[in-house]
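Supplied in structure tokens, the structure appears directly below.
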Amino acid sequence: MEKLPNDQTDVRQMLTGRESAALGRRLFMRYIGATAAAGVALSACQNELVDPSARGAARAGDVIDLGDIGYDDIGVLNYAYALEQLEAAFYMQVIMTPYAGMNGYERSVLTEIRDHEIIHRELFKAALGGKAIPGLTPNFSSINFGSRAAVLGVARTFEAVGVSAYNGAGRLLKSADYLTLAGKIVSVEARHTSIISELLNPMTTSFAGDDIVNPGPASGLGEARKPEEVLALVRPFIQETINGRTQPQ
Amino acid sequence: MNLQNILNEIEKVDAEVYERLDHVSRRHVFQNLMKKAVLGVAPVAFGSILNKAYAQNSAVVEVLNFALTLEYLEAEFYNIGTGRAGFLTGEAMTTFMQIAKHENAHVALLKSALGGAAVAKPNFDFTAKGAFPTVFTSYQTFLAVAQAFEDTGVRAYKGQAGRLIPAPDILTVALQIHSVEALHAAKVRYLNGNKGWIVNSNGFPAAVYAGDDVVVQGGVNLVGLTGLSMERVTEAFDEPLTKEQVLAIVSPFLA
């Protein structure tokens, strides 16, 4: 395992400074370009994916309160914001430390997905304004970013869980505008699931497999999960502890 | 291949994957994630849920019948395509058999939910009054029409979601159908040589993609906010279509 360049601390300081989000990202992208050839360096960089423009970064061990998911649209939006932060951080890591044998098509697909997740994250952050939760710290220590099968397998799971989270959360939103907005996003997450499935298991039914779509003769339904189910699934991948209060569905 | 198998595959490729972990418990955490992901499709008594709710609200019946009409269209289209000897083979047959299974299931689900209020299946003309004369003889034409149907389906369900707020159980089911249409759409687009997501308002027929080139969401211009391109921002969101827009798209396919 190779080490990252020695200047990583300086880059990180730039990213967490006062630059605009766009400038911070540009620098970050340049940093990614410079280190792409360094190969996999998980332990060295896994803690550096805190959204550089987030409103105050959380710290490992903090408890983040999403508020009243199920009573309050702000809670639902923060729940979505947390999930989008996680997804964006995951794909940033994937592109920063590409798995062995990542070809040009795969890189372009995964880069586009990364950008979509960043856009979703930034939208929720902007929409929430002062009510946004802080930037979260991912914990990807259980993921082998050097392995194509591992990365695509986790990507498929994250996307499928994300879709199920939006499907389960739609009913909790009181505002039709927010419901429509969530609907605009969830279908793109499903598109991601499909294309990643195709990379992972080409020319099969995996794109809409029986493991993610109920194959029953009067079903054909995708997954829907309650927030507490989703939070239990993603908690191991976030250093802070994320909680939220929900009502029975 | 299910997700647990994928985990096993990971272990074959990278035998040390778990040794890299700080704690043995991580393995259990990860397996737990996979296991729950596999089991996430919860059994629901669809018919009884829907029947109970739709009786309270005629708007819900209207939305479900609108959805049923689209599902009839898709199901029959794929049933004909997959049933035509020698037309679809290999990956195409695998793909469209899976899609047909879901569309037929959606028809059965919606019909059982609506009971006596369900609209009858219309007669369809998949040439769209002669616009696509090779729809069941040319794979490229079939793919083009399939992509149009799937992307329309995604946008159509999205446009009706707000009307289902008073019936949360039905809203959830509609969202669960909606996300499956998006899974289909991306794979069909891939077979068609396109990206899985819609760029700007690019695509054919134009009416299917009209208005999908939106860069302002929730009052925020996301190109300005993120510094990313218009293409990337528009890919990240699927816009709704109104019922009228959807009917204009599908009406040529009604015989």
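The values are calculated or read from the model by the stated rules, or taken from the named source; none is laboratory data. Predicted model only: the values in this text are computed from it and were never measured. Ideal geometry is used to build each Cβ from the backbone, glycine not excepted, and the neighbour counts take in all protein chains shown. Each accessible area value is taken on the protein alone, full model and side chains, heavy atoms only, with ligands, DNA and RNA left out. Shrake-Rupley method; radii C 1.70, N 1.55, O 1.52, S 1.80 Å.
A:Pro217 passes all but one of (1) of a type outside the set (Phe, Trp, Tyr); (2) open to solvent by less than 20 Å² (accessible area, probe 1.4 Å); (3) not in a helix (DSSP H, G or I); which number fails?
Every condition holds for A:Pro217 apart from (2).
On the basis of being in contact with a Ser or Thr (Cβ under 9 Å, 6 or more places away or on another chain), assigned to a loop (DSSP other than H, G, I, E, B) and open to solvent by less than 10 Å² (accessible area, probe 1.4 Å), does B:Val135 make the cut?
Considered against the rule, which asks whether it is in contact with a Ser or Thr (Cβ under 9 Å, 6 or more places away or on another chain), assigned to a loop (DSSP other than H, G, I, E, B) and open to solvent by less than 10 Å² (accessible area, probe 1.4 Å), B:Val135 comes out as yes.
Filter the stretch B:84-101 down to the residues that are open to solvent by 50 Å² or more (accessible area, probe 1.4 Å), within 20 Å of A:Ala208 (Cα to Cα) and more than 10 Å from chain A (Cβ to nearest Cβ) and list them by number.
B:Thr89, B:Met93
Something else about it: Could you check how many residues of the stretch A:96-127 are open to solvent by less than 10 Å² (accessible area, probe 1.4 Å), over 23 Å from A:Pro202 (Cα atoms) and more than 14 Å from the chain's Cα centre (by Cα)?
Adding up the residues that qualify gives 2.
Also, quick follow-up: Within the stretch A:211-232, restricting attention to residues that are of a type in the set (D, E, K, R) and touching a helix residue (DSSP H, G or I) at 6+ places or on another chain (Cβ under 8 Å), which residue is farthest from the other protein chains (Cβ to nearest Cβ)?
Result: A:Lys226.
Specify which of the listed residues (B:Asn104, B:Asn79, B:Asn123) is in contact (Cβ under 8 Å) with a residue 12 or more places away in the chain, under 15 Å from the mean Cα position of the chain (by Cα) and open to solvent by 10 Å² or more (accessible area, probe 1.4 Å).
B:Asn104
Just to be sure before I move on: is A:Ala169 more than 7 Å from chain B (Cβ to nearest Cβ), outside any loop (DSSP other than H, G, I, E, B) and more than 17 Å from A:Val109 (Cβ to Cβ) in the structure I sent?
For A:Ala169, the condition - more than 7 Å from chain B (Cβ to nearest Cβ), outside any loop (DSSP other than H, G, I, E, B) and more than 17 Å from A:Val109 (Cβ to Cβ) - is met.
Do the conditions hold for A:Gly146, that is, is it over 25 Å from A:Gln93 (Cβ atoms), among the small types (Gly, Ala, Ser) and either open to solvent by 10 Å² or more (accessible area, probe 1.4 Å) or facing another protein chain (nearest Cβ under 7 Å) (or both)?
No; evaluated as a whole, the condition is false for this residue.
Here's something else I'd like to know. In this structure, does A:Arg225 turn out to be at pLDDT 95 or above, out of contact with any Leu (no Cβ under 7 Å at 6 or more places or on another chain), closer than 24 Å to A:Pro138 by Cα and not polar (S, T, N, Q)?
So A:Arg225 passes the test.
On to the next question. For B:Gly224, state whether it is at positive phi, modelled with pLDDT of 95 or more and outside the structural domain of B:Gly90 (by TED's automatic domain parsing).
Against the criterion (at positive phi, modelled with pLDDT of 95 or more and outside the structural domain of B:Gly90 (by TED's automatic domain parsing)), B:Gly224 does not qualify.
Quick one: count up the residues across the stretch A:94-111 that are more than 19 Å from A:Val161 (Cα to Cα) and assigned to a helix (DSSP H, G or I).
9
Could you tell me whether A:Ala155 is open to solvent by less than 10 Å² (accessible area, probe 1.4 Å) and more than 7 Å from chain B (Cβ to nearest Cβ)?
Here the answer is yes, as A:Ala155 does meet what is asked.
Determine which member of the set A:Glu112, A:Glu84, A:Glu122, A:Glu117 is at pLDDT 95 or above, under 21 Å from A:Val186 (Cα atoms) and touching a Lys or Arg at 6+ places or on another chain (Cβ under 6 Å).
Being at pLDDT 95 or above, under 21 Å from A:Val186 (Cα atoms) and touching a Lys or Arg at 6+ places or on another chain (Cβ under 6 Å) holds for just one of A:Glu112, A:Glu84, A:Glu122, A:Glu117, which is A:Glu84.
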